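Remarks on the structure that follows.
The values are calculated or read from the model by the stated rules, or taken from the named source; none is laboratory data. From a predicted model like this one, the values you see are computed outputs, not experimental measurements. Positions of Cβ are backbone-derived with ideal geometry, glycine not excepted, and every protein chain shown enters the neighbour counts. Areas reflect the complete protein model, heavy atoms only, side chains present, ligands, DNA and RNA absent. Shrake-Rupley method; radii C 1.70, N 1.55, O 1.52, S 1.80 Å.
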Amino acid sequence: MNYILLVIGFILLVKGADYFVDGSSSIAKKLRIPSLIIGLTIVAFGTSAPEAAVRITASVNGQNGMAIGNVIGSNIFNLLMVIGASGIIKPLLVEKSILSREFPFVLLTSIILVILSLDSLLFNSSINIISRMDGIILLILFAVFLYYLINSAMKNRKENLCDPETSVDIDVSNVKAIEKNNTMIKSILISIIGIAAIIFGGNLVVNSASDIASSFGVSDQLIGLTVVSIGTSLPEFVTSVIAATKGESDLALGNVIGSNIFNILFVIGASALISPMTVDPKLIIDGAIMILSTVLVYFYAYRKNDISKFESITLSLLYFGYMGYLVFTA
């Protein structure tokens, strides 16, 4: 029965995120927000909603080992497998703004997360823990990131509205105005339905995955790093791959970068604020792998302002190697 519930949970997570992203993206486009900002915010936060539901639910239930393991596992999956698969389909062009701002910021947040987890090394503590104060620090950084994105979105929107080619004729008929309002209402309803499915599916995944792990004697950390992290990262995977096939590199990369920042700053921050998170020493190694993966992707992108097919293949192969490492050390 737990396996059936796990599958149902994943379906609800993926479909819920799909509805949420469609509805939210529709709203964002009506507000004239560019694709990079959409990728970093609406799409990234929407596709990360399954992880948020799983991890925060796990934190409420006192299953923090799965919560932080799922964050690190999902971020590694996003960097190596999502970008890898997207770049194999079509080389990803990288804007200079991403290289100078968003990439360094996601690297910084990854390093901060690992540093906050090193209590035993830095403070001679008996355990590693992400405290409520650590959670507050992460949430403050998330607020700063949101402030930057909102400013960027407002600036771009103002420029678009001033552009005669993108301006909208204000002399429209009542029929068109009603259709526009109905479309907006429909988009909002779709988003609400998506969020509801995400929350319910998150509960099913956490509870059923924990029961399965217990029955096999497998740790919550391993389940969080593998099955749950991959399952809840499927929305990012599908979204970025589809974006790559359409030549939307900004959307594909923005989705991954925004999701990883959201995962670390908001999800871990909120989870730690709810309940302090004990960090298994083994997860420090996975955290280091996450940082190295970020550096590698950044290096690939920085060299020629793109991520080639060959580089994408190496990223995918590295992820399979990482999975083998997890199974071997379990």
- Note on the structure: Net charge (Lys, Arg +1; Asp, Glu -1) of residues whose beta-carbon lies under 13 Å from that of ASP306, ASP306 excluded, is +2
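Where Rh denotes the Kirkwood radius from the mean inverse Cα pair distance, what is Rg over Rh for segment 27-152?
Values: Rg = 16.7 Å, Rh = 16.8 Å.
My calculation of the ratio gives 1.00.
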- Of ALA243, THR232, SER214, which is farthest along the charge dipole of segment 202-330 in the positive direction, counting Lys and Arg as +1 and Asp and Glu as -1 at C-beta? ALA243
- Message: Sort LEU113, LEU141 by heavy-atom solvent-accessible area, probe 1.4 angstrom, most to least.
- Response: LEU141, LEU113
- Note on the structure: The helix 49-60 Cα axis meets the longest alpha-carbon principal axis of the chain at an angle in degrees, between 0 and 90 and rounded to 10, of 40 degrees
- Message: Please give me the summed charge of the neighbours of TYR148: other residues whose Cβ is under 14 Å from its Cβ, Lys and Arg +1, Asp and Glu -1.
- Response: +1
- Message: As an exercise, identify the chymotrypsin sites (Phe, Trp or Tyr not before Pro) in segment 221-330 lying in DSSP coil whose Cβ has no more than 12 other Cβ atoms within 10 Å.
- Response: none
- Task: Of the listed pairs LYS246/LYS304; LYS30/LYS186; LYS29/LYS186; LYS30/LYS246; LYS246/LYS309; LYS158/LYS304, which have alpha-carbon separations greater than 23 Å here?
- Result: LYS158/LYS304
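Under a Cβ-Cβ cut-off of 10 Å, what is the net charge of the residues other than SER117 that fall near it, where Lys and Arg count +1 and Asp and Glu count -1?
Residues near SER117 contribute -3 overall.
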- Query: Roughly speaking, what is the centre-to-centre gap between segment 201-256 and segment 280-320 when only Cα atoms are used, to the nearest Å?
  - Reply: 17 Å
- Note on the structure: Ranking SER233, SER215, SER275, SER126 from most to least accessible area with a 1.4 Å probe gives SER126, SER215, SER275, SER233
- Prolate/oblate/rounded call for segment 243-326, Cα gyration tensor, a/c under 1.5 rounded: oblate
